[in-house]
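Colleague: I'd like to ask some things about the structure below.
The values are calculated or read from the model by the stated rules, or taken from the named source; none is laboratory data. Predicted, not measured: the structure shown is a model, and the values here were computed from it. Cβ placement follows ideal geometry from the backbone for every residue including glycine, while neighbour counts extend to all protein chains displayed.
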Amino acid sequence: MIPPDPLADTPRTAAREAWAREVTGDAVLQLQRASVDAGFRSYWRGTAGVGAASSVIVMDSPPDKEDVRPWLHIRELLEGGGVRVPRVLAQDVSAGFLLLEDLGADTYLHVLTSDNADALLDAAVGQLLKLQAIACPTQLPVYDADLLMRELRLFDQWFLGRHLGISLSPDEMRQLDDAYRHLVSAALDQPQVLVHRDYMPRNLMPVAGPVDAGPAVLDFQDAVRGPIAYDPLSLFKDAFLSWSPERTQTWLDRYHARAQAAGLPVPALARFRHDADLIGIQRHLKVMGIFARLCHRDAKPKYVADVPRFVAYLDEALPRHPQLASLLALIDQHVRPRLHQTVDA
């Protein structure tokens, strides 16, 4: 359920509606919230009323909180590489308003089932292969050691410290630092390609046409040059729905075969599985930290309900990597008992 607009009847609301009416030429256009972003952007569906033949989407990205220009730059890059992205019908960059085509109300997250997952995720891989084949512009940010480490620090600062109230001993902190360094080194050792950074069902839209034509891709503004296993791992080990480890491994292996056939720089399968495990662990820790930050800093508590999913992902991957035994011990000793307490509360 989409919550009501917390900024209803504010100058921003009036400006958004006035702009939408001006660029569409529709003086009676009505805007209703279409979806909520985890960041500061919001999306609004505009229709002329009941029975209107078509609708549009207004992206509202307040310039003092989230610059819309990176979204536009990456959209152009992806479209140039053949990736299906939303069409821009009008824009006011200084005001932070974009008018987009309406791709519908349902994302992959809404329509994926056990029965259709193979076909839909194969189609998503097709789009991902196009994205990864795009040459990274020189000005594209790099998923470097500093960025990887800043993301990992969200886990101990926001999830362990702020959310669970855990204070690690100096020895435990040193062990966690060692685990972080291992994960960062493994990420930097992977072949580097264009990385969406959130290539997941919630950011993929089924569009009209054959399934194998692939979904439209959303929320790509944080793209970087980084490890090749990051996006396929994000697709199959999602933040909001889970599949069996066996099915996930089958999909990862299938991605590997298709990437290899497409000429992408994937390593041998055994190494790719190893890389996917480790970049997955990095992502799982980061997302746990982000979800805790959304809860405590941004008053968006719903996301922490999915934290047990990430603990399950870690439980699956960590035993395969003896170098990360101290991280597994930390989760067993500190996270698991406190997590049960927060869930039960």
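Colleague: Can you tell which of PHE220, PHE159, PHE240 is assigned to a loop (DSSP other than H, G, I, E, B) and touching a Phe, Trp or Tyr at 6+ places or on another chain (Cβ under 8 Å)?
Modeller: Answer to the check: PHE220.
Colleague: Quick one: in region 274-311, of everything that is of a type in the set (Lys, Arg) and either buried (at least 17 other Cβ atoms within 10 Å of the Cβ) or touching a helix residue (DSSP H, G or I) at 6+ places or on another chain (Cβ under 6 Å) (or both), which residue is nearest to PRO245 (Cα to Cα)?
Modeller: Going through the qualifying residues, I end up with ARG309.
Colleague: Could you look through region 109-137, keep only residues that are among the charged types (D, E, K, R) and farther than 17 Å from ASN203 by Cα, and pick out the one that is surrounded by the most Cβ atoms within 10 Å (Cβ to Cβ)?
Modeller: Of everything passing the filter in region 109-137, ASP118 is surrounded by the most Cβ atoms within 10 Å (Cβ to Cβ).
Colleague: Let me ask something else about it. Take the conditions at pLDDT below 95, of a type in the set (A, V, I, L, M) and surrounded by 15 or more Cβ atoms within 10 Å (Cβ to Cβ) and apply them to LEU140. Does it pass?
Modeller: no
Colleague: Out of (1) over 21 Å from ASP277 (Cα atoms); (2) of a type outside the set (Lys, Arg); (3) modelled with pLDDT of 95 or more, what's the single condition that is false for GLU151?
Modeller: (1)
Colleague: Just to be sure I understand the filter: pairs with C-beta atoms under 7 Å, separated by 6 or more residues or on different chains, first member in region 53-82 and over 23 Å from VAL224 (Cβ atoms) and in the same structural domain as TYR43 (by TED's automatic domain parsing), second member of a type in the set (S, T, N, Q) and in a strand (DSSP E or B). Which pairs pass?
Modeller: Within 7 Å, the pairs are SER55/THR47; ASP60/SER42.
Colleague: Taking only region 93-133 into account, find how many residues are within 28 Å of HIS256 (Cβ to Cβ), over 16 Å from the mean Cα position of the chain (by Cα) and not in a helix (DSSP H, G or I).
Modeller: Result for region 93-133: 5.
Colleague: Which condition breaks for ALA229 when tested against (1) modelled with pLDDT of 95 or more; (2) surrounded by fewer than 24 Cβ atoms within 10 Å (Cβ to Cβ)?
Modeller: Going through (1) modelled with pLDDT of 95 or more; (2) surrounded by fewer than 24 Cβ atoms within 10 Å (Cβ to Cβ) one by one, ALA229 breaks only (2).
Colleague: Search region 162-199 for residues being surrounded by 15 or more Cβ atoms within 10 Å (Cβ to Cβ), of a type in the set (S, T, N, Q) and outside any helix (DSSP H, G or I), and hand back the single one that is nearest to the chain's Cα centre (by Cα).
Modeller: Per the criteria, the residue is GLN192.
Colleague: Would you say LEU278 is closer than 22 Å to VAL184 by Cα, touching a residue at least 12 places away in the same chain (Cβ under 8 Å) and over 24 Å from the mean Cα position of the chain (by Cα)?
Modeller: Considered against the rule, which asks whether it is closer than 22 Å to VAL184 by Cα, touching a residue at least 12 places away in the same chain (Cβ under 8 Å) and over 24 Å from the mean Cα position of the chain (by Cα), LEU278 comes out as no.
Colleague: Do the conditions hold for GLN91, that is, is it at pLDDT 95 or above and buried (at least 19 other Cβ atoms within 10 Å of the Cβ)?
Modeller: No: the conditions fail for GLN91.
Colleague: State yes or no: is ALA259 farther than 13 Å from TYR199 by Cα, among the aliphatic types (A, V, I, L, M) and modelled with pLDDT under 95?
Modeller: Answer is no for this residue.
Colleague: So VAL207 fits all but one of (1) assigned to a helix (DSSP H, G or I); (2) in contact with a strand residue (DSSP E or B) (Cβ under 6 Å, 6 or more places away or on another chain); (3) farther than 19 Å from LEU252 by Cβ; what number is the exception?
Modeller: Unmet condition: (1).
Colleague: Separate question: I'm trying to understand the selection: among the residues of region 251-301, which are more than 20 Å from LEU160 (Cβ to Cβ) and touching a Cys at 6+ places or on another chain (Cβ under 8 Å)?
Modeller: none
Colleague: Among the numbered criteria (1) modelled with pLDDT under 95; (2) buried (at least 17 other Cβ atoms within 10 Å of the Cβ); (3) not in a loop (DSSP other than H, G, I, E, B), which single criterion is violated by ASP212?
Modeller: Tallying (1) modelled with pLDDT under 95; (2) buried (at least 17 other Cβ atoms within 10 Å of the Cβ); (3) not in a loop (DSSP other than H, G, I, E, B), ASP212 fails exactly one: (2).
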